[in-house]
Structure formats: structure tokens, C-alpha cells
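This report refers to the structure that appears directly beneath it.
Every read-out reported here was derived from the displayed coordinates using simple, explicitly stated rules and does not represent laboratory data. Here the structure is a predicted model, which is why all the values come from computation and not from measurement. Because the Cβ atoms are built from the backbone with ideal geometry, glycine has one as well, and the counts that use them run over all protein chains shown.
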Amino acid sequence: MKRVLNPEPAIELLGEAVNLSQALQMAAELKPDVVLMDLHLPGECEFIPEFVKAQLLLSTRHILMMSLSADEDAAALAKKYGAVALLDKSNLQSSLVSSILQLA
């Protein structure tokens with residue numbers, strides 16, 4: 001993420017989490033405008049999507065998710081998590097910055 005986001009002066013990367021618990025904690029502490037989260041971030045099974053959505057929306061205005069499989073099932077799961085968009089990881093470099101700037 002740093003390689004893609006750091007060159008963009010309008011975007012400040014506040015942190016990176018290694019699992020869902022850490023992501024929720026960091027979002028609550030840092031209160032970012034946009035949370036970018038992998039749909040299959042470790043720890044996903046511990047939390048129901050509605051809980052994650054509620055926790056993230058207390059901390060941020062927008063949730064973006066990314067996944068290697070951007071099929072209908074993945075899109076439906078991302079929506080349950082409250083994501084405004086599901087980005088395809090294979091095409092992330094070209095879509096990530098513009099997606100964040102549209103939301104921020």
C-alpha cells in the first residue's frame with residue numbers, strides 16, 4: 001500500500017493492520033476518512049459482517065474493500081461489511097488512488 005499511496009500528496013496513510021482485530025482498533029483510534037480493508041483479512045471468521053460494519057462506521061466515513069476475487073459473492077460480502085466499493089486486487093494500482101480521492 002505504501003508504494004501506491006505515498007506518492008499521492010492528497011492521501012495520508014495512517015497505518016496498516018495485520019488482522020481484523022487490529023484494523024478495528026486502529027480505525028477507532030485514528031478515525032480515518034477512508035478505511036481500505038482486504039475482504040479476506042485474517043480474523044474475518046471471528047466477527048460477523050454486521051458487527052464489523054457497525055464498528056467501522058463509528059470510526060470512518062467510508063469503507064473500501066479489496067479482493068482477488070471480485071465476483072458477485074465477494075461483492076455481496078463486501079456490501080455486508082458496509083463497503084462502498086470492492087476493488088480488484090489484480091487491478092489495484094490503477095484504481096486505488098482514484099477511488100480514495102473520490103471518497104475523501
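The charge dipole of the chain, taken about its Cα centre with unit charges on the Cβ atoms of Lys, Arg (+1), Asp and Glu (-1) only, comes to about 220 debye. Just so you know, the Cα atoms of the chain work out to an Rg and Dmax of 12.7, 36 Å. Ordering of 88-97, 23-32 by packing is 23-32, 88-97, highest average first (other Cβ atoms within 10 Å, averaged per residue).
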